[in-house]
Amino acid sequence: DTAVSQTPKYLVTQMGNDKSIKCEQNLGHDTMYWYKQDSKKFLKIMFSYNNKELIINETVPNRFSPKSPDKAHLNLHINSLELGDSAVYFCASSQDSGRSQFFGPGTRLTVL
Amino acid sequence: KQEVTQIPAALSVPEGENLVLNCSFTDSAIYNLQWFRQDPGKGLTSLLLIQSSQREQTSGRLNASLDKSSGRSTLYIAASQPGDSATYLCAVHDYKLSFGAGTTVTVRA
């Protein structure tokens, strides 16, 4: 019974392609997040959604577009992939923005 | 802008020794502070969350303290075991979580 799941686990693609990463949580949480962990292992928040509404957008390029069809899902679509987009992307959720966050296993994106 | 620093970047100790991991942050206006563990190639596991009004939190062999006024938190792990080997991340929450770069711990059997 995985609390926060992400698909795919690995994604290898060519520069210029468009790809999506899916995230689902079965914890009944109201808030979901996307984080990027770069090659230096530094984690930075990208987006946060509360009840399907965007509440944080941390100066992420427009090529990145999150979509929340319902409270349990937050997907990340990336257009025109660039080499610098290679990283591990983590989805997370919490009951509300002030509570403990629970992380998914991550999606390792490699752009060739 | 919140900046989170973790010292040391890496730590290697023999089994049984106590671990002390340090975290400092620049803006004391935080809601809470959270310690995570990350194993290689895996996601993050939440260890402890300390609310801004609290001074410490304990869970088993783990104890985390928070001194908000000085912008510091310390994670203590008692009687370390090889299974404690991982990267430990500190994250402070103002309107978002800001992470430190982590301390990579190796516990030698």
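For A:Tyr35, what is the net charge nearby, where nearby means another residue's Cβ is under 11 Å from its Cβ and Lys, Arg count +1, Asp, Glu -1? Intermediate results must be reported in sequence, preceding the final value.
Values: positive: A:Lys36, A:Lys44, B:Lys96; negative: A:Asp38, A:Glu58.
The answer is +1.
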To the nearest 10 square angstrom, how much accessible area does A:Glu53 have with a 1.4 angstrom probe? 120 Å²
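Using a Förster distance of 45 angstrom, determine the FRET efficiency expected from the C-beta separation of A:Lys67 and B:Thr26, and round it to 0.05. The partial results should precede the final answer.
Values: r = 34 Å, r/R0 = 0.75.
Calculated transfer efficiency: 0.85.
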Please give me the summed charge of the neighbours of A:Gly16: other residues whose Cβ is under 13 Å from its Cβ, Lys and Arg +1, Asp and Glu -1. -1
When all protein chains stay in place, what accessible area (Å², nearest 10, 1.4 Å probe) is found for A:Asp96? 60 Å²
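Please compute the length gained on full extension between B:Arg61 and B:Arg108, using 0.36 nm multiplied by the number of residues separating them and subtracting their Cα-Cα distance. Let's see the in-between values first.
Values: separation 47, 0.36 × 47 = 16.92 nm, distance 1.77 nm.
Taking B:Arg61 through B:Arg108 to full extension adds about 15.2 nm, to one decimal.
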Two-site label geometry, A:Asn26 and B:Thr5: point separation in nm, points 7 Å out along Cα→Cβ: 4.4 nm
Lysines near A:Lys41 by alpha-carbon distance under 24 Å, same-chain residues fewer than 8 away left out - which ones? A:Lys9, A:Lys19, A:Lys22, B:Lys1, B:Lys42, B:Lys96
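Compute the orientation-averaged projected area for chain A from the convex hull of its Cα atoms and round it to one decimal in nm².
Details: hull surface 25.8 nm².
Taking a quarter of the hull surface, the average projection is 6.4 nm².
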Label-to-label distance, nm, for residues given as A:Leu54 and A:Leu83 (7 Å Cα→Cβ offset): 2.9 nm
With a 1.4 Å probe and all protein chains in place, put A:Lys40, B:Lys96 in order of accessible area, largest first. A:Lys40, B:Lys96
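May I ask you to give the solvent-accessible area per residue for the protein assembly as shown, in square angstrom, as obtained with a 1.4 angstrom probe?
Values: 10730 Å² over 221 residues.
Heavy-atom SASA per residue in the protein assembly as shown reads 49 Å².
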Work out Dmax and Rg for chain B from the C-alpha atoms and quote the Rg first, both in angstrom. 13.2, 41
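Quote the FRET efficiency, to the nearest 0.05, computed for A:Ala3 versus B:Tyr95 with a Förster distance R0 of 30 Å and r equal to the Cβ-Cβ distance.
Values: r = 24 Å, r/R0 = 0.80.
So the FRET efficiency works out to roughly 0.80.
The values are calculated or read from the model by the stated rules, or taken from the named source; none is laboratory data. The structure displayed is predicted, hence computed values, not measured ones. Note that we place each Cβ from the backbone using ideal geometry, even for glycine, and neighbour counts take in every protein chain shown. With ligands, DNA and RNA removed, areas are computed over all heavy atoms of the protein, side chains included. Shrake-Rupley method; radii C 1.70, N 1.55, O 1.52, S 1.80 Å.
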